[in-house]
Amino acid sequence: MAAPPPPSIANPEYETHHRWMTIAYEQAVIAGTAGEIPIGAVIVHQGHLLATGQNRRERDRDPCGHAEIIAIRAAAARIGDWRLSDCHLYVTLEPCPMCAGAIIQARLGQLIYAADDPKAGAIRSLLNLPDSPVSHHHLSVLAGILAEPCGQLLRDWFQQRRSRSTGE
């Protein structure tokens, strides 16, 4: 899979988001190559990479083995605290309800995600858990950074999987 295109907007904040989302994209490619749904995540703290994650449900036989959960666990272990309020999570697909709940529980400072998930998105697409009455944490959300390459990676992966299962 080709890497995402370089940023075309001369904006330092956009370039920063692009850089971190590119690393999340690379994690997604690794997951896809390993037979997992290609979703990747990174957590950044004060401009430094704190943790990475990629889907690992099949490899670990763990229903909670989503990229976001893997990254959150690694980040919390690394800083020695479950509160990640000064951290930014970059993920290639809009989080599902389980991951959205974990993001809220971890008190993450900001969520930046690439592609919307019209089938299971719990941030803006189907549900809006961060803004719901059940959320006790205000979460800053930015969507759409590298949405096209991250979405295409998923579409290509599922197309290849369907082609193999039908023998085409």
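The values are calculated or read from the model by the stated rules, or taken from the named source; none is laboratory data. Everything numeric here is computed off the predicted structure, so don't read it as measured data. Quick reminder, even Gly has a Cβ in these numbers, built from the backbone with ideal geometry, and neighbours come from all protein chains shown. What goes into the accessible areas is simple: the full protein's heavy atoms, side chains included, and nothing from ligands, DNA or RNA. Shrake-Rupley method; radii C 1.70, N 1.55, O 1.52, S 1.80 Å.
At-a-glance table
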read-out	value
Residue that is most open to solvent (accessible area, probe 1.4 Å) [pool: residues in the range 54-64 that are touching a residue at least 12 places away in the same chain (Cβ under 8 Å) and assigned to a loop (DSSP other than H, G, I, E, B)]	ARG56
Residue selected from the range 19-48 under the condition in contact with a Phe, Trp or Tyr (Cβ under 8 Å, 6 or more places away or on another chain) and in a loop (DSSP other than H, G, I, E, B), by the criterion most open to solvent (accessible area, probe 1.4 Å)	ILE37
Residue match in the range 139-146 (condition: open to solvent by less than 30 Å² (accessible area, probe 1.4 Å) and at pLDDT below 95)	yes
Qualifying positions in the range 130-139 - touching a residue at least 12 places away in the same chain (Cβ under 8 Å) and not in a loop (DSSP other than H, G, I, E, B)	PRO130
Residue count, the range 76-129 (criterion: open to solvent by 60 Å² or more (accessible area, probe 1.4 Å), assigned to a strand (DSSP E or B) and either under 22 Å from GLN152 (Cβ atoms) or at pLDDT below 95 (or both))	0
Selected residue (criterion: nearest to PRO97 (Cα to Cα)) from residues of the range 140-157 that are touching a residue at least 12 places away in the same chain (Cβ under 8 Å) and more than 15 Å from the chain's Cα centre (by Cα)	TRP157
